[in-house]
Amino acid sequence: MPSDAVFAALVIVSAALLISFIRLVRGPTLPDRVVAVDLIGTSSVALIVLGAAASGERAFLDAAMVIALVAFLGTIAYAGFARKENRE
């Protein structure tokens, strides 16, 4: 049976996910939206890891690792794009 701390962490991470969705929609600039997408990816990974801790299913950790790597690559791709735009 999962502890109360896991449930509390699930609620807090879910609130962070909701707030980052609001930032994604409201913007106002592209970097704000990119940071929001990165936070959504990180929060999703945290939710999956907490779900794995609550259920005891280790297979969820593989999915969390894949999502973390894809989110990291997306952030790196945006950083390269922003760097290229600033040079010109």
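The values are calculated or read from the model by the stated rules, or taken from the named source; none is laboratory data. Quantities reported herein were computed from a predicted structural model and do not represent experimental measurements. Cβ coordinates were reconstructed from backbone atoms using ideal geometry, including for glycine residues, and neighbour counts include every protein chain displayed.
Might you let me know whether the stretch 17-32 holds any residue that is charged (D, E, K, R) and at pLDDT 90 or above? Write out each step before concluding.
Just the residues of the stretch 17-32 that are charged (D, E, K, R), to begin with: 23, 26, 32.
If we keep only those that are at pLDDT 90 or above too, we end up with 23, 26.
Taking every residue of the stretch 17-32 in turn, at least one turns out to be charged (D, E, K, R) and at pLDDT 90 or above.
Yes/no per residue for (1) among the small types (Gly, Ala, Ser); (2) in contact with a helix residue (DSSP H, G or I) (Cβ under 7 Å, 6 or more places away or on another chain):
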{"residue": "Ala5", "(1), (2)": "yes, no"}
{"residue": "Ala16", "(1), (2)": "yes, yes"}
{"residue": "Gly41", "(1), (2)": "yes, yes"}
{"residue": "Ile48", "(1), (2)": "no, yes"}
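What about Ala63, is it surrounded by 10 or more Cβ atoms within 10 Å (Cβ to Cβ), assigned to a helix (DSSP H, G or I) and modelled with pLDDT under 85? It would help to see each step written out before you state the result.
On the way: surrounded by 10 or more Cβ atoms within 10 Å (Cβ to Cβ): yes; assigned to a helix (DSSP H, G or I): yes; modelled with pLDDT under 85: no.
Here the answer is no, as Ala63 does not meet what is asked.
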